[in-house]
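Accompanying notes for the structure given below.
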Amino acid sequence: MNPVISILFRVIPLAMGAVCLAYGAYIWDMGSESTSYIAGHVVTFLSLICIALFSTAATIIRQINHTDSPFLRFWLPMLGYGAAAVGIVAGLAYFAEGTAEEFVVGHVVFGLGLIACCVATVAFASTKFMLIPLNSRAVPEMRPENAFPAGICALLLLIPVVCTLLAWLWGYTALYDVADAPHYVAGHVLVGIGFVCASLIALVASVVHQIQNTYTETERRFWPLFVAAMGSCNLLWGLYVLSNPSPDAVAPGFVLIGLGLVCYSILSKVLLLALVWRQSCPLANRIPLIPVFTALFCLFLAAFLFEAAGVNPAFFVPARVLVGLGGVCFTLFSIVSLLESGTSR
């Protein structure tokens, strides 16, 4: 890979993480209103996902450029898990404080930590990324000598499953009290985050099974459809929530739509791995455009919400959060481009 391009693909997640961190801190410092507090915290902690995505990008680039080492092979995924731990611990700490704003922030930040944990698992699975193009040309079902042990494979697949179940169970628990606004907002967003974690199950499974050379034709069709379904669930659920005339429905409704767009960005990675496995795909180099389009959609939608927030304060939080989600979608562009570059070899 061109050294300039390899640096660019590592700079993108760090730059988007810096944008989320700086913009979130700016919103956080705007005042003591609950809207500033919630939006500032959520956008700030979205930077944790960007850090985990950086660990994935750096892990793949080091292998493509033959600059990998045992030290980096271990510590780059650990960087992602460290970011996830910050989100999970901070979310639990905010939740324990007990105020309405901290109740919402605690749920959402905990969920963002779960997403970062799933992304870090993608980085861990990608430590043997270069086996994917080799296996694509090898005899089917012939396990490479340096593939993952069976126990590690099971652990890698278990992590995103556990994260998904945690998000869904805690989210549905919060939704038991939908008459209370903090429960209504936190529950819907955390369940939507669960759909993002479920999408990452498909990505981890695709990467691990291709590394193990056990990726099947059934998986080639199933996993992309599964991720598309998760994104559509978020999108449709967001529209359903927005049909509620209550002002409390505005923030979770639009955030669910943004999370659906993140799922579609993840779809580009799962779809690329499926399309190039044991076959050529002339349009594979166009798939990285999907996260670019989802990022632009987030930003354009945020622009409309910024205008609406001047009239209705209920639009303040989703306008800011969608900017951060747009940054996450654009960060996924670098990962998809790396997958296309590595698998095309």
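The largest accessible area among 195, 74 belongs to the first residue in 74, 195, and the rest follow in falling order (1.4 Å probe, all chains).
Quick one: dipole size for the chain, taken about the Cα centre, charges +1 on Lys/Arg Cβ and -1 on Asp/Glu Cβ, in debye to the nearest 20. Please list the in-between numbers first.
Details: 13 positive and 15 negative charges, 289 e Å.
Roughly 1380 debye, rounded to the nearest 20.
A 1.4 Å probe run over the stretch 157-237, with the rest of the protein chains in place, finds 37 Å² accessible per residue. Going through (1) 6, 28, 35, 21, 9, 2, 0; (2) 5, 24, 32, 23, 11, 4, 1, 0; (3) 5, 18, 23, 20, 15, 10, 6, 3, 1, 0, the figure that equals P(r) over Cα pairs in 10 Å bins from 0, in percent as computed for the structure here is (1). Using the Cα gyration tensor of the stretch 1-122, with a ≥ b ≥ c the square roots of its eigenvalues, what is the shape: rounded (a/c below 1.5), prolate (a/b larger than b/c) or oblate (neither)? Since a/c reaches 1.5 but b/c is at least a/b, the shape of the stretch 1-122 is classed as oblate. Could you tell me which residue out of 226, 261, 323 lies farthest along the dipole of the chain toward its positive end? Charges go on the beta carbon: Lys and Arg +1, Asp and Glu -1, centred on the Cα centre. Toward the positive end, the furthest listed residue is 226.
Each of the peptides 236-244, 47-55 was scored by the mean count of other Cβ atoms within 10 Å over its residues; in descending order, highest first, they stand as 47-55, 236-244.
Rounded, prolate or oblate, given the Cα gyration tensor of the stretch 34-182, with a/c below 1.5 counting as rounded?
Values: a/c = 3.36, a/b = 2.09, b/c = 1.61.
Prolate, since a/c reaches 1.5 and a/b exceeds b/c.
3J(HN,Hα) along the stretch 70-84, derived from phi through the Karplus expression 6.51 cos²θ - 1.76 cosθ + 1.60 where θ = phi - 60°, amounts to x, 4, 5, 4, 8, 7, 5, x, 5, 4, x, 5, x, 4, 5 Hz, with x in place of Gly and Pro. Modelled spin labels at residue 278 and residue 240, positioned 7 Å past Cα toward Cβ, are 3.8 nm from each other. Each of 292, 277, 309 was scored by the projection of its Cα onto the charge dipole of the chain, and the greatest displacement toward the positive side belongs to 277; charges sit on the C-beta of Lys, Arg, Asp and Glu. The HN-Hα couplings worked out from phi for the stretch 267-272 by the Karplus form 6.51 cos²θ - 1.76 cosθ + 1.60 (θ = phi - 60°) are 4, 4, 6, 5, 5, 4 Hz, whole numbers, x standing for Gly and Pro.
Any idea what the relative contact order of the chain is, in percent, if you count C-alpha pairs under 8 Å spaced at least 6 apart?
On the way: 637 pairs, mean separation 61.3, N = 345.
Worked out over the chain, it gives 18 percent.
Say R0 is 45 Å: what FRET efficiency, to the nearest 0.05, do residue 311 and residue 158 get from their beta-carbon distance?
On the way: r = 47 Å, r/R0 = 1.05.
The value I calculate is 0.45.
Put a dot 7 Å past the Cα of residue 78, heading toward its Cβ, do the same for residue 150, and the two dots end up 2.9 nm apart. The accessible surface of the stretch 230-345, taken with every protein chain in place and a 1.4 Å probe, is 72 percent carbon and sulfur.
The values are calculated or read from the model by the stated rules, or taken from the named source; none is laboratory data. Bear in mind the structure is a predicted one, so any value in this text is a computation, not a measurement. FYI the Cβ positions are ideal-geometry reconstructions off the backbone, even for glycines, and counts take in every protein chain you see. In case anyone asks, the SASA skips ligands and DNA or RNA and just uses the protein heavy atoms, side chains included. Shrake-Rupley method; radii C 1.70, N 1.55, O 1.52, S 1.80 Å.
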